[in-house]
Amino acid sequence: MKHRLYREQQLNCDIETAWHFFSSPKNLSKITPKDMGFTVLSDYNSEQIVEGMVIDYIVSPLLKVPLKWRTRITHVTPHKSFTDFQEKGPYKYWNHFHEFIPHKGGVLMKDTVDYELPFGFLGKVAHRLFVKKKLAHIFDFRYGVLEKMFNPIKN
């Protein structure tokens, strides 16, 4: 059974700034909770993502058990959107579409993640018990980090 996680966030920056930050694999660990043990293994030939780029990670989503995760950038429209697709990892299916839209003097960033867990019935139970909450936690953390970076409170 496929699931969808959708989030959006207004960033008070220009499109070039948003694109530069989000399209650099080096910034992924900055917006991922430390308890995930997220480590990028790939060396980068480029600061920015390109179609076909493969990124390898180690991530420990549950009980500190490290898992290998490989994504491929399957689509890039510079300064507008990109998609990362899991080739190997903890999900049966993972497709993450990132979109950046000029909006209200800044950028409206949208994340749409379509995903499916392995293990049939057990995957459904795991989703209900903890996976859905864990993904919400990851994206809530990300929201908070991005608020501090792009939308600091002015006194």
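The values are calculated or read from the model by the stated rules, or taken from the named source; none is laboratory data. None of these values were measured; they are calculated from a predicted model. With ideal geometry, Cβ positions are generated from the backbone for all residues, glycine too; neighbour counts draw on all protein chains shown. SASA here: full protein model, heavy atoms, side chains in, ligands and nucleic acids out. Shrake-Rupley method; radii C 1.70, N 1.55, O 1.52, S 1.80 Å.
Once you put a point 7 Å from the Cα of K2 and another 7 Å from the Cα of K26, both along the Cβ direction, what distance in nm separates them?
With each label point 7 Å from Cα toward Cβ, the separation is 3.5 nm.
Binning at 5 Å from 0, report for region 64-126 what percent of all alpha-carbon pair distances ends up in each bin.
Result returned by the calculation: 4, 16, 19, 19, 15, 12, 8, 5, 2, 0.
Where is the GNM fluctuation largest for the chain (alpha-carbon springs, 10 angstrom cutoff): V145, V107, V125?
Evaluated over the chain, the most mobile residue of the options is V125.
Got a sec to turn the phi values of region 100-112 into Karplus ³J(HN,Hα) couplings, 6.51 cos²θ - 1.76 cosθ + 1.60 with θ = phi - 60°, whole Hz, x for Gly and Pro?
3J(HN,Hα) across region 100-112, in whole Hz: 10, 10, x, 7, 6, x, x, 9, 8, 9, 10, 10, 10.
Which parts of region 114-129 would a label at Y143 reach, counting a residue when its backbone N lies under 19 Å from a point 7 Å out along Cα-to-Cβ?
Under cut-off, by backbone N: 114-115.
So which of K80/K148; K26/K68; K88/K148 end up more than 21 Å apart, counting from Cα to Cα?
Exceeds cut-off: K80/K148; K88/K148.
In the full protein assembly as shown, how much of Y57 is accessible to a 1.4 Å probe, in Å² to the nearest 10?
That residue has around 20 Å² of solvent-accessible surface.
Ignoring ligands, DNA and RNA, what percent of the accessible area of region 77-155 is carbon or sulfur (1.4 Å)?
Taking all protein chains in place, region 77-155 shows 61 percent carbon and sulfur surface.
Going 7 Å from the Cα of V65 toward and past its Cβ, which residues in region 12-43 have a backbone nitrogen under 16 Å from where you end up?
Of the residues in region 12-43, 36-37 have backbone N under 16 Å from the label point off V65.
Quick check: pseudo-label points 7 Å beyond the Cα along Cα→Cβ at Y93 and R72, how many nm apart are they?
Going by the 7 Å Cα→Cβ label model, 1.7 nm.
Could you pull out the longest piece of the chain with no exposed loop trypsin sites (Lys or Arg not before Pro) in it, calling a site exposed if DSSP puts it outside H, G, I, E, B and it has at most 15 other Cβ atoms within 10 Å?
1-63
Once Rh for the chain is found with the Kirkwood sum over Cα pairs, what is the Stokes-Einstein diffusion coefficient at 37 °C and 0.692 mPa s, in µm²/s?
201
In whole Å, largest first, what are the principal axis extents of the Cα atoms in region 96-155?
Principal extents (Cα only, largest first): 49, 24, 12 Å.
Kindly report, to the nearest 10 Å², the accessible surface of S60 as traced by a 1.4 Å probe over protein heavy atoms only.
About 20 Å², ignoring ligands and nucleic acids.
Treat each spin label as a single point 7 Å out from the Cα along the C-beta direction, and report the L108 to H79 distance in nm.
Between L108 and H79, the simple spin-label model gives 1.9 nm.
Go ahead and run the numbers for FRET between D14 and K134, Cβ-Cβ distance against an R0 of 30 Å, rounding to 0.05.
Efficiency, from the Cβ-Cβ distance: 0.35.
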